[in-house]
Amino acid sequence: MKTENKKSGLPDTQGSIDKRKLQINKAGVKEIKFPITVKDKENKTQHTIAKISMTVDLPMKFKGTHMSRFIEILENGKREIHIDSVFDILSEMQRKLKSENAHIEIEFPYFKIKKAPVSRKESLMDYKVIFRAEKFKNEKGFLMTVIIPVKTLCPCSKNISRYGAHNQRGEVTVSVRFKGEVWIEDIISIVESSASSDLFSLLKREDEKFITEKAFENPVFVEDLVRNVVLKLKKNKKIIWYRVEAENFESIHNHNAYAMIESSS
């Protein structure tokens, strides 16, 4: 059966009936680049550019969802999303697309000014952050993921070597659900203080010496790293669920090392 758009008089193919009787769990648009505003612990807000994916469930009777409506909802005359408006966006998706379930994923670089440990030279470090929010009827869910690069030094290598120990960059991925407010910066600080050393964009020679020696005095396996992070996360009573993953980009192996701890609650 063909339907017609009342405003344009043109056929509404997406709204036509589908006879295959298969509901689609998620249909929508992915990787829209769009400016957003996020909360910044030191500066109140931070402006950045996100990749946004938006999806809804599609009842079995409809052939397709209306992709243009996702963009219309984003635009909404504002040209920038404030992160506090995420659930308003999801409600609008439910309403305009006649869906029970609405999902949004917002991935963006988050920047933090860091001072080198000795020279005190300032530079910007970027961290990947992902917000995933969903609304099922009136029920809401929100998951924050922060990916933090770190430096690790191998305890085993240190114990068996005469002259040093292999070390490498790694990534720690922390996903949390929480009540109240949890700052991105606090997650970053927890992770960086749990590694052999944190990383910097700008270092002078005296800084390199300091970091190399600091890492040598603080060797950690990926297993140590996830345990260190979880012990600190547990102290934050606002966090109700977590998953912590650590991956080392090994410098002497042709594979990566990995560990993960997930909250049982």
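If you check K232, K151, K179, K158 for being among the basic types (K, R) and over 25 Å from P117 (Cα atoms), only one passes: K179. Could you please tell me which pairs satisfy a Cβ distance under 7 Å, a separation of 6+ or placement on different chains, a first residue in segment 248-262 that is more than 11 Å from H166 (Cα to Cα), and a second residue that is assigned to a loop (DSSP other than H, G, I, E, B) and modelled with pLDDT under 95? Final answer for the pair search is N256/E250; A257/E250. Could you tell me whether segment 52-63 includes any residue that is in a strand (DSSP E or B) and closer than 30 Å to S201 by Cβ? Yes: one or more hits. Could you please let me know if E105 is within 16 Å of T48 (Cβ to Cβ), in contact with a strand residue (DSSP E or B) (Cβ under 8 Å, 6 or more places away or on another chain), among the charged types (D, E, K, R) and buried (at least 19 other Cβ atoms within 10 Å of the Cβ)? Spelling it out, E105 is indeed within 16 Å of T48 (Cβ to Cβ), in contact with a strand residue (DSSP E or B) (Cβ under 8 Å, 6 or more places away or on another chain), among the charged types (D, E, K, R) and buried (at least 19 other Cβ atoms within 10 Å of the Cβ).
Residue pairs whose Cβ atoms lie under 7 Å apart, separated by 6 or more positions or on different chains, with the first residue in segment 69-80 and under 14 Å from E92 (Cα atoms) and assigned to a helix (DSSP H, G or I) and the second of a type outside the set (A, V, I, L, M) and modelled with pLDDT of 85 or more, are R69/K96; F70/G28; I73/E92; I73/K96; L74/F34. Taking segment 109-141 as the range and being under 13 Å from the mean Cα position of the chain (by Cα) and crowded, with 16+ Cβ neighbours inside 10 Å as the test, the residues that pass are Y110, Y127, V129, I130, F131, R132, A133.
This table checks each residue for (1) modelled with pLDDT of 95 or more; (2) of a type outside the set (D, E).
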site: L97; (1), (2): no, yes
site: H103; (1), (2): yes, yes
site: E107; (1), (2): yes, no
site: F131; (1), (2): yes, yes
site: G180; (1), (2): no, yes
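Contact annotation: residue pairs with Cβ atoms under 6 Å, 6 or more positions apart or on different chains, pairing a residue in segment 103-116 that is closer than 15 Å to K39 by Cα with a partner that is among the charged types (D, E, K, R) and surrounded by 14 or more Cβ atoms within 10 Å (Cβ to Cβ), are E107/K51. In segment 142-182, the residue that is farthest from A102 (Cα to Cα) out of those that are buried (at least 16 other Cβ atoms within 10 Å of the Cβ) and of a type in the set (S, T, Y) is T152.
The values are calculated or read from the model by the stated rules, or taken from the named source; none is laboratory data. Keep in mind that what you see is a predicted model, and the values were worked out from it rather than measured. In this analysis, Cβ positions are derived from the backbone assuming ideal geometry, glycine residues included, and neighbour counts consider all displayed protein chains.
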